Amino acid sequence: MWYEGARMGQGGGDMDSVGVIGGGAWGTALAQTQRLAGRKATLWAREPEVVADVNERHVNAAFLPGVELDPGLTATGDLAGIAACDIILMVAPAQHVRAVARELRPLLRPGQIVVNCAKGIEQATGKLMGEVLAEALPEASLAVLSGPSFAADVARGLPTALTIATEREDQGRRLAESLGYRQFRLYWSRDRVGAEIGGAVKNVLAIAAGIVAGKGLGSSAHAALVARGFAELRRFGQAFGAEPETMMGLSGLGDLILTCGSPQSRNMSLGRALGEGRSIDEILGARRAVTEGVWTAAAVVRLARERGIEMPIAEAVHAIVEARASVDDAIAALLSRPFKAEG
């Protein structure tokens, strides 16, 4: 049920305060976006140094360096402060969403709106984030926010368009008005499953795109990889009931193009480093931010095998990140596949 206690916000919607769970780059960018739209925004982070940075220096040097944050953005390490907000954005790393949601549950009001912004599949269970939240927060009203967006672009107020997916049109329209503004355009969809699948699977495919770049295989190979990767994404989505329009839209093809097309993507940059010959342990050991595709690859491959979905690129990425195959061997295996009809 739509939360009855919502208030009129300055950004054009009817909900004034937004709480963001997750002090990484994307969570910080989303909180900053709400301040740019004139709304009250509170950012929750586990790291005390992030809370101090945001409140005292108006930056997040650990996860979003080089971006000056609005002085009106406040940070907290107390989930109760987030639960008091009209809308909650869940931006914790995908593998930690369930644990954070369990902490949040006793603090929520019945019917409170929780928007999943985490892009991944729970490795232990193979469940989408919406399924995880439905189990952990059974009384919440759930939605999904996904689409092509780099945190630094969004935090700086550059134009961005994403999908907001809910089961009811009135909820979707009201959330688009309550979270969006001129530079942050939200398009409503009822296909929550499709929006989540697009955001999760593209991270795995972006690692493959990075490997192509790191190996210096050329622009033609990159284009082929993205196109064949999109075919895998569509097959996977279809098996889970995703709508074709969603796969072709912002949270599907749009997000895939962005994530596979720039080293600004953590997943693509990891793939590039793999292609250049660095080991997965070396790459991850030098990173503080989570690279979701590494963890999602195993879940995607397991689900695809269970349903008989052909996903050779995802299989190759999974083998590489688990160090069961070298980059060269995985590429050779893909290039040795038999010729077949494109459809």
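The values are calculated or read from the model by the stated rules, or taken from the named source; none is laboratory data. These numbers come from a predicted model, not from an experiment. As a convention, Cβ positions derive from the backbone with ideal geometry for all residues, glycine included, and neighbour counts pool all protein chains shown. Only protein heavy atoms, including side chains, enter the accessible area calculation; ligands, DNA and RNA are left aside. Shrake-Rupley method; radii C 1.70, N 1.55, O 1.52, S 1.80 Å.
Could you pull out the residue among VAL290, VAL294 that is under 21 Å from VAL91 (Cα atoms) and not in a loop (DSSP other than H, G, I, E, B)? Explain how you work it out, then say what you get.
Values: VAL290 fails: not in a loop (DSSP other than H, G, I, E, B).
The unique qualifying residue is VAL294.
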Six or more apart or on different chains, Cβ atoms under 7 Å: show the pairs whose first residue is in segment 22-49 and aromatic (Phe, Trp, Tyr) and whose second is surrounded by 22 or more Cβ atoms within 10 Å (Cβ to Cβ) and assigned to a loop (DSSP other than H, G, I, E, B).
TRP26/VAL91; TRP26/CYS117; TRP44/GLY23
Any residue at all in segment 168-187 that's within 17 Å of GLN34 (Cα to Cα) and touching a helix residue (DSSP H, G or I) at 6+ places or on another chain (Cβ under 6 Å)?
yes
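Condition check: open to solvent by 30 Å² or more (accessible area, probe 1.4 Å), at pLDDT 95 or above and acidic (Asp, Glu). Does GLU103 satisfy that? It would help to see each step written out before you state the result.
Details: open to solvent by 30 Å² or more (accessible area, probe 1.4 Å): yes; at pLDDT 95 or above: yes; acidic (Asp, Glu): yes.
It is true that GLU103 is open to solvent by 30 Å² or more (accessible area, probe 1.4 Å), at pLDDT 95 or above and acidic (Asp, Glu).
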Out of all the residues in segment 241-271, which are in a loop (DSSP other than H, G, I, E, B) and under 14 Å from the mean Cα position of the chain (by Cα)?
SER265
Identify, please: which residue in segment 233-248 is open to solvent by 20 Å² or more (accessible area, probe 1.4 Å) and among the small types (Gly, Ala, Ser) and is, among those, farthest from ASP328 (Cα to Cα)?
GLY241
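Specify the residue that is surrounded by the most Cβ atoms within 10 Å (Cβ to Cβ); the eligible residues are those in segment 106-126 that are not aliphatic (A, V, I, L, M) and not in a loop (DSSP other than H, G, I, E, B). Don't jump to the end; show me each part of the working.
Residues of segment 106-126 that are not aliphatic (A, V, I, L, M), as a first pass: 106, 109-112, 116-117, 119-120, 122-123, 125-126.
Pick out the ones that are also not in a loop (DSSP other than H, G, I, E, B) and you get 106, 116.
Working: PRO106: 9, ASN116: 29.
Going through the qualifying residues, I end up with ASN116.
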